[in-house]
Amino acid sequence: MSWIIVDVVFYCISLITVGALAGRISQSTQEVNTFVTPLNISTIQTTQNLNQSTCIADECNPRLLSDLEVHSYELEYIYNNINDTTVQGRVTIDFTLKQPINQLIYHAKRMLQLDEPVLYEDGVHRLVTMGKYPPHNYISLRLLLENSSFTPNRYSLKQKFIVSLIDGNVGFYQTLFNDGNGTIRKLLASKFQPTDARKAFPCFDEPQFKAVFKIAILHPEDTIAIANFPKIEETIENGLRRTIFADTFRMSTYLAAWAVLPNTYGQLVSNEDEPKVTVWARREPTDNGHTALALEIALNSVSFFTDYFNTSEAVTPKIDLLAVPDFASGAMENWGLVSFREDRVIFNEKIASIVQKQQLGETMAHEIAHFWFGNYVTCKWWNNLWLNEAMATWLSYKPFSVYYPNWNMELQALTEEVIPVMWDDAKPSSHPVVVRNVTSAADITSLFNSITYSKGASILRMLEKIVGSNTFRDGLRDYLKTNAFDIGDPTIFYNKLFKNISGEKFMKNWLEELNYPILNVDLNVNNNGTYITFNQSRFIISNVLDSSNLNSNYRWMINIQCVLGGNYSDSDITNLGEDTIDFILETEQETQFLSGKFYTWIKCNRDFQGFFVTNYLSNLSTYSSWQHFSFVLEAEPTFFSDEDKVNLLQDSFLLAYKGLIDYIEPLRIVSSLMNTTSKQSVIWCTFQWHWDILTELVEHLPNTWTKFKDFAIKQILSSGTTVDDILEINSTDDHNTKVLFNIKLSQNDTFMYYIRAGQIHIRRCYSFFTRLGINGPQPMFLLGNLPDFVRTKRISICIQNWTNQFGHIYGYFEGHTPILVVSNPDILHEIFIKYFSKFHSRRQFPLEDRRTTKGVHLFSATGDQWRRQRAIINPTFSTLKMKRMFPIIDDCITTFLIKLEECMKTSSEGFDIYKLYKRLTMDLIWRCCFGIKTDMQNDPNNPYLKRSQEVFARENCAYLATLLGILIPELQPIWLTSHCWINYIRARLRRLLPMGEKLIEDDPNEWIKDNVGYFIKKAQIHQNNNNNNNNDYNTNITKSADLIHIMLDATEKSSIDNKQHDHTERILSLNELKQNIYLFMVAGYETTSTALAYVTHILATHLDEQKKLQNYIDSFLNVDSILDYDIINKMEYLDWFIRETLRMYPITPIIINRECSEQIDLPGLGRILPGTKITLDMYSLHYNNDLWGPVDTKKFYPERFATKRHPMAWVAFGVGPRNCVGMRFALAEIKIVIIRLLQNYTVLPASMDDNNLDLVELVTISPKQVSIRLEQRTDK
């Protein structure tokens, strides 16, 4: 024993010595090697290290240590194959600590794998331990030696990692698109703002930590890599293309960007070399010239801002403008590689509106402006985000005054920014532009709203109007020059603008308080002259809103500029502009006196420069102030500027809504503008905007709306204007006229009025989630979010991406129907189980006929009708009934095994087993439903098989009716009736026309239903007369074991109470029986065959798991064992195996939904109104690591079902009282097939390329094929 002890001691001493020496090994001998071997996502294990649920020391602070300087990031990504859904990466972070710390903390988020880091201090390797604090996305390093700290010095941190490309559409992610030729292609893109750089690489992910980025990407040879700066080297290594990019400017992590594109992606390149600008978009719009406008505006914007700021330092050596099909926001200002949603780059003037053209232009200019404001000079923290975004918003209108002056874009800033945000900001629920205590990612993301962008831009517009354009521009130039490539303090900018007051004080006064003031201007005239009293208070749009928590004593610094006119003894148009008033009101009230002047009106907020609303009072009782304005507008149409006219409309409408003046006043202003035939589109955009607001509130203001509508139609169509005049298009019209045409078209003619009413209704529908305070993707008018589904090709993946983006509760729109998506398991438990009585119905799908006379099946039935049917059908799938059907199932599978043997012999290189599963499943259904032997497994032309398959074929007529049902559900009865009539007419023509049966195909659905009805009648005869002599029937139908007989048995029981309504009787009508048999056939065919296909794919690609399952099955069944229903129910691991497959490959995720039938308040969700449609995100539930961990959810691991999970974690067959009634039958079928298959064969992939499935999603998600090989087992 002594020698063992000596060895142990020697081993420990050696270990300690090596560990001590390791801490001194130089960097040159401790490099982290690049890895290029491909990874199988199913084998990825998350690094096992300290993953804390509670924070320790500095981890509790949501902000990183500020006394740190990051010098550079050296990043390398390896993307081995276009079919990969992961990328491997490594990062080297070079930084300097300026003070001693015990913990080195940086960010990483949702990495599939994060290796232990290697840390060097001034070239010397330091041993560290790594911990994680997920609530803050923190990685925390501590030195291995106890009680030691990181000293101020220069450090280098190296770390390998793996990220998923399919975890939402932020971070580094993939997107699929149609290249125009019907080919689905993939591109990789990035979006990091505000806090998702940490999702793509470990980093110090705060804007203050600016650093140089050195980027290299290994990618397939047939792809192109782009990044912030130009590529400087490109080589081929082991079949991959290595692209190395030039070092970037110092920039924040959220501005880093790269992309990997197919080499077929379209390019439009500028002629200029400094900088070279390239627009990247899909080939089809690029070849058709639809990206030319984007390139033109980008070049003009670069030129304008270079002159405006008097520096080109902010311009990168090249600028890539990348159109990403499903980009999460409108655009992102990555320095040198700007990403856009497609509609902000692609413009087809033949189909796009003039408004879309302006939106494209404004977005492009906005992102280019960020090169100076946001990139060149960056905010230290996100509470000053407003300056980046608001400045870029306001500045984005300026290039157009030079290059496109007839667009009047600076004027349009009023209708695009000022007017909409004044409505948003006039509520107690608003927030200041500058928000304090912004710490979490959710806090930061919430700042990207209209207050930050539009109110911020409105205040900057006000600031420029007050100090003058040149002073404003020169102040910006000084600010940028002082803070070039660094962090900026906006107070330096403010204070240089004002001479007599503190610029910082003035701006904080407006930025740090929510809402805005109402300025009451009281004009009083007596024998001495004119007294004007100015009084300010907080403006809230409605007295109904609770503003008790607001500071009623807050006073704004209002720059008051007013013009006076008129003479009460003469007319309103004398003395126009003779006197003006200009001062800053800082107190609640101030009075100005004009001696010997007798004015009839005063107009303040000249040129609509201020962000406030003005109410006018007067002791001149003959006319109201608004009447005086009308007189001036008509008598002197050019006296008031266009901005003033807009201001008069804006103020009068807001005051009328508030109830301070009558709606006759804004309508009077409108009438005067009509009479002067004002042609400025911005004025009528203002009117249209308020019209839209008013019509959305029609149910609250019915009388006002009627007057308003009649007035609008009468006035706009007055003076001989006709619909033909409105619709007349002149190719020589300028930009303003085209915008005006759009407005007129939307508001004129009785027919257009009804279209407008429909638009109003739809827009109100689109405000459904906004009114509830629920986020979600932005819908497209009429189509809702259907285009997003078309772009992604996968509805369920699109929904999962939205969950990653918007959280566990959000809403989207199918057409204009709001769909609430929930993936919080506790809330789902409330909906599907606890309060099932309030959510007992599924939503009605298009073409779903719920008319009782037609016989509603179990899937569509609601309320008592559903309860009755479920009570009758449930016993059909009891254990006893399943045992009766077991011999039928087993006999069909025996035939299936014979077909497998034939395929194995004739197709040595593999075959598509999915086709065989479809035949097997349909054979089973016809046998189990009706007891007839169809032989469809051997005969592909069998009529029962062909008709069944035709049910799932595409029908253009049905798809059109379905689409109309989604887009305009209010006309659902019309679409349904039309579809039924078309089918009826087609059937009649088929019978009446010569050659009709050959020329017109009959409806396979009706053919199957007719046969179902026929067999039901036969079964009834057989049930009533056991001595029936119909030999044909008796020889083809298995007695009593089929589904018809079993269901007839259930319906023969006496009713609960014959005197009660039919819905309480324990019987099914003939129509209901036929509909439910049909439902069983349709629901069971595709789903069961697809489930079998997925299980087989897993077997072929997970051979170790397959062998384990084979051994498990063998332990239950020896050579002489007889398989029966009891045995398969004892095979627990087999059940886990199937459930794990369906967890990873759910088949029908979009049909698990509920519709609220009765108002209810749910914790975490709020009040749910009747009719609200709720769906769950099955993918997010099934891949939720919190529900299914600790083993990574992307790994196939059946043993995870050994642990009891949340009742809403697995919902493959639905959940709660309304789960799939045929689940027991389906699982039995799948289990018997898998048992018989694995008893005889080992399943192998047809080739090494068959590890991934090509999935297609309609109602179900199914593979196009599952190619396998079979190998006869020899180990039995």
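In angstrom, the C-alpha Rg and Dmax of the stretch 192-319 are 16.2, 49. Counting beta carbons within 10 Å around each of 301, 148 and listing the fewest first gives the order 148, 301.
Taken one residue at a time, the phi angles of the stretch 515-521 give Karplus couplings (6.51, -1.76, 1.60, θ = phi - 60°) of 6, 7, x, 9, 9, 8, 10 Hz. Gly and Pro are set to x.
Label-to-label distance, residue 1202 versus residue 1185, with points set 7 angstrom from Cα along the beta-carbon direction: 2.2 nm.
Convex hull of alpha carbon positions in the stretch 68-362: directionally averaged projected area 17.0 nm².
Give the calculated FRET efficiency between residue 81 and residue 263 to the nearest 0.05, with a Förster radius of 25 Å applied to their Cβ-Cβ distance. Spell out each step's value before the answer.
Numbers: r = 15 Å, r/R0 = 0.60.
So the FRET efficiency works out to roughly 0.95.
Rounded to the nearest 20 debye, the dipole size of the stretch 379-512 about its Cα centre is 340 debye, using +1 on the Cβ of Lys and Arg and -1 on the Cβ of Asp and Glu.
Scalar couplings 3J(HN,Hα) for the stretch 254-270, obtained by applying the Karplus form with A = 6.51, B = -1.76, C = 1.60 to θ = phi - 60°, are 5, 8, 5, 7, 7, 7, 10, 10, x, 5, 8, 5, x, 10, 10, 10, 6 Hz; x denotes Gly and Pro. Here each label is just a point 7 Å from Cα along the line to Cβ, and for residue 427 and residue 981 those points are 4.3 nm apart.
Pull out the extension gain between residue 1223 and residue 352, defined as 0.36 nm times the separation in residues minus the alpha carbon to alpha carbon distance; nm, one decimal. Can you show the working numbers first?
On the way: separation 871, 0.36 × 871 = 313.56 nm, distance 4.94 nm.
Length difference between fully extended and current span is 308.6 nm.
Within the stretch 379-512, the proportion of C-alpha pairs whose separation exceeds 23 Å stands at 35%.
Available extension along the chain between residue 782 and residue 1169 is 137.0 nm, counting 0.36 nm per residue and deducting the alpha carbon span. Which distance in Å, rounded to a whole number, links the C-alpha centroids of the stretch 785-811 and the stretch 378-424? Value for the Cα centre distance between the two parts: 30 Å. Using a cut-off of under 20 Å, list every residue of the stretch 916-941 whose amide N is near the label point 7 Å from the Cα of residue 890 along the Cα-to-beta-carbon line. Residues 920-921, 923-934 qualify, since their backbone N sits under 20 Å from the label point.
In this calculation the C-beta distance from residue 1273 to residue 477 is compared with R0 = 51 Å, giving a FRET efficiency of 0.05. With the simple spin-label model, which puts each label point 7 Å out from Cα in the Cβ direction, the residue 312 to residue 898 separation comes to 8.2 nm.
More than 21 Å apart: what percent of Cα pairs in the stretch 572-687 qualify? Could the numbers behind the result be given before it?
Numbers: 2507 of 6670 pairs.
Distances greater than 21 Å cover 38 percent of the Cα pairs.
Pairs spanning more than 18 Å between alpha-carbon atoms, out of 838/1204; 505/603; 109/186; 834/881; 465/496: 838/1204; 505/603; 109/186; 834/881. Once backbone amide H atoms are built at 1.01 Å from N, residue 337 has 320 as its partners under 5 Å, excluding neighbours fewer than 5 places away on the same chain.
Given their separation in residues at 0.36 nm each and the Cα-Cα distance between them, residue 1254 and residue 102 gain 409.7 nm when the chain is fully extended. Protection proxy ranking of 983-989, 360-366, by the mean of other Cβ atoms within 10 Å over each peptide's residues and highest first, is 360-366, 983-989.
Measure up 160/199; 132/380; 1108/1195; 918/1017; 214/276 against 22 Å on the Cα-Cα distance and list the ones that go over. Spell out each step's value before the answer.
Values: 160/199 13 Å; 132/380 25 Å; 1108/1195 16 Å; 918/1017 28 Å; 214/276 20 Å.
Too far apart for the 22 Å limit: 132/380; 918/1017.
On the beta carbon distance between residue 61 and residue 274, with R0 = 45 Å, the FRET formula returns roughly 0.50.
All of the numbers you see were taken from the coordinates with simple rules; none came from a lab. In this text the structure is predicted, and so the values were computed from the model without any measurement. A quick note on method: Cβ atoms are made from the backbone with ideal geometry, for glycine too, and the neighbour counts reach across all protein chains shown.
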